[in-house]
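J.: One structure, pasted below without further comment.
The values are calculated or read from the model by the stated rules, or taken from the named source; none is laboratory data. Bear in mind the structure is a predicted one, so any value in this text is a computation, not a measurement. Here the Cβ positions follow ideal geometry from the backbone for every residue, glycine too, while neighbour counts run over all protein chains shown. Note: accessible area is taken over every heavy atom of the protein model, side chains too, but ligands, DNA and RNA are not part of it. Shrake-Rupley method; radii C 1.70, N 1.55, O 1.52, S 1.80 Å.
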Protein chains: 2
Amino acid sequence: MSTAPIDFYFDFSSPYGFIAAEVIEAVAERHQRQVTWRPILIGAAFKITNAQPLLGQPLKGDYALRDLARSAAYMGVPWSGLPSPFPFLATAPSRAFYWLTDRDPAAAKRLARALLRAAFVEQQDISSPAIVKTTAMTEGLDADAVGSALQDPAIKDRLRAEVDTALDAGIFGSPYFIIDGEPFWGTDRLPQMEKWLETGGW
Amino acid sequence: MSTAPIDFYFDFSSPYGFIAAEVIEAVAERHQRQVTWRPILIGAAFKITNAQPLLGQPLKGDYALRDLARSAAYMGVPWSGLPSPFPFLATAPSRAFYWLTDRDPAAAKRLARALLRAAFVEQQDISSPAIVKTTAMTEGLDADAVGSALQDPAIKDRLRAEVDTALDAGIFGSPYFIIDGEPFWGTDRLPQMEKWLETGGW
């Protein structure tokens, strides 16, 4: 059996990505796998697929709000609605993540979860560098260092490169997982992912 | 606990609708529920939501083909790919269904499943009245009576009315289920539906 990490692509502004972030580590642990978190800016993929943000669509948007609350409760994930503004651009939280993950991958995951909870449990505007810095402080990080990282050209390039790599890999949604080359889109594929991890595929 | 039937909306040209049709009766039976099958022409809803057929979309289309084969196998449903042409207009099979369901609802469900299998297991063109008639014959129905029904103005009106009713109810995808007023979109919501049926909701 493979022991390769699970690739976990998500956008910090994606509510289904938040739900996935709350549960993916437990799924991986049950099957002795690691998870590589790969935040991206999904808008770049939406341009290719000509997709519109789900929550803004007629009928589907209303359904999705109901489905998000129901799905979060079903999966035991806290949820208290969308932040405002929504949708938002996830540049700042994504840069903070990539800055930190090279220094301390576990801390970067903790920061990512804290940022996602700030957005979808506390309705904070995590597109704001100030909120990203405040959240980083609550995780014991140096706010000034985070603030500098958000403006660091190398970190900006790093995020752009990560988004390009994801586009090249065909990622078009959030959350999106790759297990041993097999793509899974959406939190609703978690049961299939569990079986795939258990059996090696079918 | 409610004993109201589960509303099952689907388009005969929807491959995920086919998968749902193969499993929904067993789900309902486990919870002592009936299922009301409601074939519709989902293109009318797509105009409202400005949606494009999934299989024709860049990146998503390729993913969906892979996901359909994987999901069918995961759920124990036969699957051998899309028919040609695809997508197709499901007017003929939908009319045949509504003609029959007023006479014999159980036979209408059997016909619907036979038509869906003709499309997605045998790759037959069920948009063709001739194929609908042939499939009806294999189900022991009178091909001439089916042929007449496909051209019957009352049946044409009936299908239009069913589509309008579905649009009024906010149905925007296939498959789409309503259980005691709660909407569930997609075969991937079946686990939540099972829990909803078991617990009465959360």
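J.: Based on the Cβ-Cβ distance of A:ASP104 and B:ASP62, what FRET efficiency does E = 1/(1 + (r/R0)^6) give at R0 = 45 Å, to the nearest 0.05?
T.: Values: r = 37 Å, r/R0 = 0.81.
Calculated transfer efficiency: 0.75.
J.: Same structure, new question: In whole Å, what three semi-axes, largest first, describe the equivalent ellipsoid of the stretch A:86-202 built from its Cα gyration tensor (square root of 5 times each eigenvalue)? It would help to have the intermediate numbers written out before the result.
T.: Values: eigenvalues 160, 54, 38 Å².
Taking √(5λ) for each Cα gyration eigenvalue gives 28, 16, 14 Å.
J.: To continue, here is another question. Pick from B:THR36, B:THR187, B:THR49: which residue has the top mean-square fluctuation in a GNM of chain B where Cα pairs under 10 Å get a spring?
T.: Checking each option, the largest mean-square fluctuation is seen for B:THR49.
J.: Rounded, prolate or oblate: which one fits chain A, using the alpha carbon gyration tensor with axes a ≥ b ≥ c (rounded when a/c is under 1.5, else prolate when a/b beats b/c, else oblate)? The partial results should precede the final answer.
T.: On the way: a/c = 1.42, a/b = 1.17, b/c = 1.22.
Verdict is rounded for chain A.
J.: Just report the Cα centroid separation between the stretch B:1-50 and the stretch A:17-82, whole Å.
T.: About 24 Å separates the Cα centre of the stretch B:1-50 from the one of the stretch A:17-82.
J.: Still on this structure, please answer the following. Any chance you could look up the accessible area of A:TRP185 with a 1.4 Å probe, heavy atoms only, rounded to 10 Å²?
T.: Estimated to the nearest 10 Å², A:TRP185 gives 80 Å².
J.: While we're looking at this one, here's another question. I want the local charge near B:ARG30. Using Cβ-Cβ distances under 13 Å, sum +1 for each Lys or Arg and -1 for each Asp or Glu among the other residues.
T.: Values: positive: B:ARG33, B:LYS195; negative: B:GLU25, B:GLU29, B:GLU194, B:GLU198.
Summing Lys and Arg as +1 and Asp and Glu as -1 gives -2.
J.: Could you work out the helix-only [θ] at 222 nm for chain B, with each DSSP H run of four or more residues adding -39,500 (n - 2.57) and the total divided by the number of residues, to the nearest 500 deg cm²/dmol? Walk me through the intermediate numbers first.
T.: On the way: 9 runs with 109 residues, N = 202.
After summing the helix terms and dividing by the residues of chain B, the value is -17000 deg cm²/dmol.
J.: Using a Gaussian network model of chain B with C-alpha springs under 10 Å, which one of B:PRO58, B:PRO85, B:PRO175 is most mobile by mean-square fluctuation?
T.: Most flexible of the set in this elastic network: B:PRO58.
J.: Can I ask one more? Quick check: at a probe of 1.4 Å, how many percent of the accessible area of the stretch B:29-71 sits on carbon and sulfur atoms? Intermediate results must be reported in sequence, preceding the final value.
T.: Numbers: 1130 of 2220 Å².
Reported share for carbon and sulfur atoms: 51 percent.
J.: Separate question: Please compute the contact order of chain A in relative form: average sequence separation of alpha-carbon pairs under 8 Å and at least six residues apart, divided by the residue count, as a percent. Don't skip to the answer; put the middle values down first.
T.: Values: 273 pairs, mean separation 60.4, N = 202.
Relative contact order of chain A: 30 percent.
J.: Can you give the FRET efficiency for B:ASP180 and A:ASN50, using 1/(1 + (r/R0)^6), R0 = 30 Å, r = Cβ-Cβ distance, to the nearest 0.05?
T.: Numbers: r = 36 Å, r/R0 = 1.21.
It comes out at approximately 0.25.
J.: Mind checking which lysines have their C-alpha under 25 Å from A:LYS47, skipping anything on the same chain fewer than 8 residues away?
T.: A:LYS60, A:LYS156, B:LYS47, B:LYS60
J.: Another question, then. Taking the Cα-to-Cβ direction at B:TRP202 and at B:ALA26 and moving 7 Å from each Cα, how far apart do the two end points lie in nm?
T.: 2.4 nm
J.: Now for a different question. Once you put a point 7 Å from the Cα of B:ALA169 and another 7 Å from the Cα of A:ALA145, both along the Cβ direction, what distance in nm separates them?
T.: For the pair B:ALA169/A:ALA145, the computed spacing is 5.7 nm.
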